[in-house]
């Protein structure tokens, strides 16, 4: 396909990095949006838009690794995405399996850790098996952690956390007076990660879409009109440059 050839012909834009390497976001979260519109504009099936989006994932993961980002969380499939046509959902699940099988060795070689957030028990068994396999293969790596948000919703995550807190209180494992923000965070899917410093949403939409609702309380938000399949390292670096120009006070005064 022409779009694949264009991706391959492109010079690696992360080779020309004009940012403060001492102030790289530790955790970047991205709402990958615009695959369907990208395909529609080219009179292609929506599934081709999702495939084009995978090429972008490869590029962004590579750049984040090069920059020293510690955590990259990608919104891959939400709890609401089950409402989409069955054919599209099946295609997305097959694409997930294809991506993991095709990329795990390369990611492992590049010291990337594969992880997930969300309730994957609702995913097809083949998806669960490949996720577990990829996590096992990469578990001893020390570089970028790639978090795939799958069957994930911020409200669902908080609900699951509350249920487990209540269960532990009822079983005497936890005192109700011990409940504070830190404890609640420890019951979420991201319990062992820092909160995102930077949240990126391409495609022109200006909403959070139920993504990391608890964790992004003080994240810097960056929006772009670029559709996800057209999103490149150049856009990522621009987002980081803008992030570095912001004054992060976390409610205080400098």
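No value in this document is a laboratory result; all are computed from the given coordinates. Keep in mind the model is a prediction, meaning the values are calculated, not measured. Note that each Cβ is placed from the backbone with ideal geometry, even for glycine, and that neighbours are counted across all protein chains shown.
Of note:
- For the chain, built as a Gaussian network whose Cα springs stay under 10 Å, the top-fluctuating residue of 72, 199, 95: 95
- When the Gaussian network model of the chain links Cα atoms closer than 10 Å, the mean-square fluctuations of 202, 45, 25 top out at 45.
- Estimated purely from DSSP H runs of n ≥ 4, each contributing -39500 (n - 2.57), the mean residue ellipticity at 222 nm for the chain is -14000 deg cm²/dmol once divided by its residues.
- Per principal axis, descending, Cα span of the range 113-193 in whole Å: 39, 29, 21
- Relative contact order of the chain, pairs being alpha-carbon contacts under 8 Å that are 6 or more residues apart, as %: 28 percent
- Ranking of 64, 127 by neighbouring Cβ atoms within 10 Å, starting from the fewest: 127, 64.
- Debye equation applied to the C-alpha atoms of the range 166-234, log10 I(q)/I(0) at 0.15, 0.19 Å⁻¹: -0.64, -0.84
- Packing-based order for 30-39, 237-246, 82-91, using average beta carbon neighbours within 10 Å, highest first: 30-39, 237-246, 82-91
- Whole-number Å³ per residue for the convex hull built on Cα positions in the range 48-145: 95 Å³
- Using bins of 10 Å that start at zero, the share of Cα-Cα pairs per bin across the range 40-100 amounts to 18, 46, 29, 8, in whole %.
- Shape summary: the range 85-229 maps onto an equivalent ellipsoid whose semi-axes, from the alpha-carbon gyration tensor, are 28, 21, 17 Å in decreasing order.
- Gyration tensor (Cα) of the range 146-203, equivalent ellipsoid semi-axes in angstrom: 27, 13, 9
- Taking only the C-alpha atoms of the range 198-254, Rg followed by Dmax gives 12.5, 39 Å.
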